[in-house]
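The values are calculated or read from the model by the stated rules, or taken from the named source; none is laboratory data. What you are looking at is a predicted structure, and each value in this text was computed from that prediction instead of being measured. Here Cβ is always computed from backbone atoms with ideal geometry, including for glycine, and neighbour counts include all displayed protein chains. Ligands, DNA and RNA are stripped out before the accessible areas are found, and what is left, the full protein with its side chains, is counted by its heavy atoms. Shrake-Rupley method; radii C 1.70, N 1.55, O 1.52, S 1.80 Å.
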Amino acid sequence: MRLLECEAKEIYARYGIPIPKGVRVKAGEKIPDLAGIGPELVLKAQVEVGGRGKAGGILPATPADAARVAEELFRKEIRGVPVREILIEEKLPIRHEYYLSILVDRSTRQPLILFAEAGGVDIEQAAKETPGAVRRVTISPLLSDVPPFALRDLLGGRVKEFGPVVNRLWKVFREKDAMLAEVNPLVTTDRGVFAADAKLIVDDNALGRQGITVNRDLTPREREAESHGFSYVELDGNIGVIGNGAGLTMATLDLIQYYGGAAANFLDVGGGADQERVKHAVRLVAGRPGVSVILVNLLGGITRCDDVARGILDAGVPQTVMVRLAGTNEEEGKKILDGRGYPMFATMDEAVKAAVEAGA
Amino acid sequence: MIYGDRNTGILVQGATGQQGAFHIQYMNAYARSVGGRGVVAGVTPGKGGQEVHGVPVYDSVRKAVADHDIGAAVIFVPAAAAPDSIMEEAHAGIPVIVAITERIPVHDTMKAIAYARMEGAAVIGPNCPGLISPGEVKLGIIPAHLASRGPVGVISRSGTLTYEVIHELTRAGIGQSTVVGIGGDPVIGQTFTDVLERFRHDPATKAVVVIGEVGGALEEEGVAATALPVVGYIAGVSAPPEKRMGHAGAIVEGGEGDAASKIRRMEALGVPVAQRVAEIPALVKELL
């Protein structure tokens, strides 16, 4: 889950990474006295999307006109996300902007630290345009500190200036279960080094131990699905989809697209789904407005097809449910649904084709 | 046979749990059908001395390996305990560790895998169905009846999609040398590159099916590094960006790891990529 900038900065500050003076203001709240923050201010929309600056989510202000600018910001949507909170910060007297991040690198299976002399920009773009502009150092996840040699490789002659910040960010990364801990830009000023912006993405599998109870990256319906143990993603089409296993369900969506249809959702019931869970899944998918046909594609390994069939029957939804069942207790499952108005198919392709035709 | 054969003694971590006990039965039924050794020991701390479906349970891996010749371990313990299990098995010298467990925090996985590598162990998974070498050995939960013995290796980040593919291959009369589910997490022990390298040294394998999905670049990296004939398939062509598609690792982030670019890179390497699962057998036949 991606944290808000203000949340990330509060964490960074606790780990000794300097952040600008600032205050959080929620929509509808009174703007506090800003005199102590600075003569020049920056108002930043707190939304969990990238490209915020370009989308008009960052505005300059003075203490005198901050209330008016804040109002303007609260009326905006940043890339479709309404602004519910803003961060009012001092405008830093920036000398130079750098880039610093630590991420989980899938290829090496280890953390990777990135540093660039040019910050405040799209770093992927910078890396493409100027090879060598971004320095990368892989660090063993078993190390509690970034070793000096790695700091020299990463920072060149700036170890003294940035070494402490890198090590503090390393601690944030490790202790907060971060998938990404980014400071872009990391700025130098007359008063020292500051994290002018902050991005922290926490591993969804570690939210519990990080004390995060609600995954804000999910919609309410996606959260409800998660509470049933489903993986669920809302899409824009009209064919409701239920599969078991992420890969098979994704492949089912792809096949719907291949045959010219559009899926309403991705729903993976998970391994070993029983009658009750299948019932919940079918009802959840059917309950979404605009779903005109439902496709169930299950390959039973641990999952038993007879359980699935009973679950589909129990759900009793108004839409036509196209069923493809294969694997454990396949014949029993087919018997349960036979003659009850559930079209059944032997292969994924046939089932998807029928669902696309029915949904057209 | 790239991670084990019928002579491989298997240890199951979490043997007394529901999942562990269930799959001990299935792995041993398979072992009996092919004349293999199967699961020879189970481990659950505090439950040493018990038996699960005739398999002796030990308090620790160290005690189990003292009594048995063990070539591979399969982990069914919950996410909070699984990283410790991986390290315990690696420390005890078990060379192949299959972690079925899902939802392990990525930082724990990174540490456990780094430790296992130092001990010289290969970790398959986590969040994976394990592997099967038809006619030899089953390490994990892949339904054995779908597989058949033959010359094609299969590597996949998925579970049930793998079953679908081997089901199609078997129906088309194409058997498999070894089927490996490497796991759906962002960080996994054995990647496409590692498994393809093992297949390269395996005389039983003539071609490989690489079943990938959105997220990361492990598919392209693996295909680029091998000389073996490969057929590809990538799930998630219709996946929206920045949405996690069931697997923790199945996400298009920052414009990276989308299906179209993966397919493009694989095709640029001369690899035929199936648009539908049902097309895979025909493409494989062309390579054999």
> In region A:238-256, what residues drop by 30 Å² or more in accessible surface going from the chain by itself to the full protein assembly, probe 1.4 Å?
Replying inline: A:A246, A:G247, A:L248, A:M250, A:A251, A:D254
>> I want the antiparallel fraction of DSSP beta bridges within chain A, as a percent rounded to 5.
In response: 75 percent
>> Taking a virtual spin label 7 Å from the Cα of B:E221 along the C-beta vector, which residues in region B:231-253 bring their backbone nitrogen under 15 Å of it?
In response: B:249-250
>> Cut-off 10 angstrom, C-alpha nodes, Gaussian network model of chain B. Which of B:L228, B:L169, B:L131 fluctuates the most?
In response: B:L228
>> Report for the protein assembly as shown the percent antiparallel among DSSP-assigned beta bridges with both residues inside it, nearest 5.
In response: 55 percent
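Run the numbers on region A:94-206 and let me know its relative contact order in percent, using alpha-carbon pairs under 8 Å that are six or more apart.
This gives 30 percent for region A:94-206.
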>> Counting protein heavy atoms only and a 1.4 angstrom probe, how many square angstrom of accessible surface do chains B and A bury in total, to the nearest 100?
In response: 4300 Å²
> What are the extents of the Cα atoms of chain A along their three principal axes, listed from largest to smallest and rounded to whole Å?
Replying inline: 79, 50, 38
> Over the C-alpha atoms of region A:21-90, what are the Rg and the largest Cα-to-Cα span, Dmax, in Å?
Replying inline: 11.1, 33
>> Explain nothing, just the number: dipole magnitude of region A:94-206 about its Cα centre with +1 on each Lys and Arg Cβ and -1 on each Asp and Glu Cβ, in debye rounded to the nearest 20.
In response: 340 debye
> How many percent of Cα pairs in region A:94-206 exceed 24 Å?
Replying inline: 19 percent
> HN-Hα J couplings of region A:195-210 from phi, Karplus 6.51/-1.76/1.60, θ = phi - 60°, integer Hz, Gly and Pro as x?
Replying inline: 8, 6, 9, 8, 9, 9, 10, 9, 4, 4, 6, 10, 4, x, 6, 8
> Roughly how tilted is helix B:160-171, in degrees to the nearest 10 and between 0 and 90, from the longest Cα axis of chain B?
Replying inline: 70 degrees
> Counting other Cβ atoms within 10 Å of each Cβ, which trypsin sites (Lys or Arg not before Pro) in region B:1-101 have at most 16 and sit in a DSSP loop?
Replying inline: B:R6, B:K47
>> For Cα pairs less than 8 Å apart in space and 6+ apart in sequence, what is the mean separation divided by the residue count of chain A, i.e. the relative contact order in percent?
In response: 13 percent
>> Under 10 Å, Cα contacts only: if you run a Gaussian network model on chain A, which one of A:N184, A:N265, A:N205 comes out with the highest mean-square fluctuation?
In response: A:N205
>> Quick check: convex hull over the Cα atoms of region A:145-198, volume per residue in Å³, rounded to an integer?
In response: 84 Å³
> In whole angstrom, how far apart do the alpha carbon centroids of region A:124-188 and region A:342-357 sit?
Replying inline: 51 Å
> Does anyone have the angle between helix B:82-91 and the longest principal axis of chain B? Alpha-carbon axes, 0 to 90°, nearest 10?
Replying inline: 70 degrees
>> I'd like the GluC sites (Glu not before Pro) in region B:173-281 restricted to DSSP loop residues with at most 16 other Cβ atoms within 10 Å, sorted by number.
In response: B:E242
> Shape of region A:234-360 from its Cα gyration tensor (a ≥ b ≥ c, root eigenvalues): rounded if a/c is under 1.5, otherwise prolate when a/b > b/c, or oblate?
Replying inline: rounded
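Tell me, Kirkwood radius of chain B from alpha-carbon pair distances, in Å?
With all distinct Cα pairs of chain B included, I get 18.8 Å.
Return the Rg/Rh value of region A:17-60, two decimal places, where both radii are evaluated on C-alpha atoms and Rh is the Kirkwood radius.
0.97
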> Share of the protein assembly as shown's accessible area from carbon and sulfur, percent, 1.4 Å?
Replying inline: 50 percent
> If we count trypsin sites (Lys or Arg not before Pro) as exposed when they sit in a DSSP loop and have at most 16 other beta carbons within 10 Å, what is the longest stretch of chain A that avoids them all?
Replying inline: A:217-339
>> If I build a Gaussian network model for chain A, linking alpha-carbon pairs within less than 10 angstrom, which residue out of A:A116, A:A262, A:A178 has the largest mean-square fluctuation?
In response: A:A262
>> Can you classify region B:147-194 as rounded, prolate or oblate using the Cα gyration tensor, where a ≥ b ≥ c are the square roots of its eigenvalues, rounded means a/c under 1.5, and otherwise it's prolate if a/b beats b/c and oblate if not?
In response: oblate
>> Could you compute Rg(Cα) / (2.2 N^0.38 Å) for the protein assembly as shown, with N its residue count?
In response: 1.01
> Dividing the convex hull volume of the Cα atoms of region A:42-169 by its residue count, what figure in Å³ per residue is obtained?
Replying inline: 147 Å³
>> If I histogram all Cα-Cα distances within region A:299-360 using bins 5 Å wide from 0, what percent of pairs lands in each bin?
In response: 4, 19, 29, 25, 18, 5, 1
> Any idea of the accessible area per residue across the protein assembly as shown, 1.4 Å probe, to the nearest Å²?
Replying inline: 39 Å²
> Hey, any idea what Rg/Rh is for region A:273-330, computing Rh the Kirkwood way over Cα pairs?
Replying inline: 0.96
>> Given the DSSP H assignment, sum -39500 (n - 2.57) over each helix run of at least 4 residues in chain B and divide by its residue total; what's the result at 222 nm in deg cm²/dmol, nearest 500?
In response: -9500 deg cm²/dmol
> How many percent of the alpha carbon pairs in region B:1-69 exceed a separation of 15 Å?
Replying inline: 47 percent
>> Can you give the log10 of the normalised intensity I(q)/I(0) at q = 0.24 Å⁻¹, computed with Debye over equal Cα scatterers of region A:191-298?
In response: -1.30
>> List, by residue number, every residue in region A:301-316 with a reduction of 40 Å² or greater in accessible area between the chain on its own and the complete protein assembly, 1.4 Å probe.
In response: A:I302
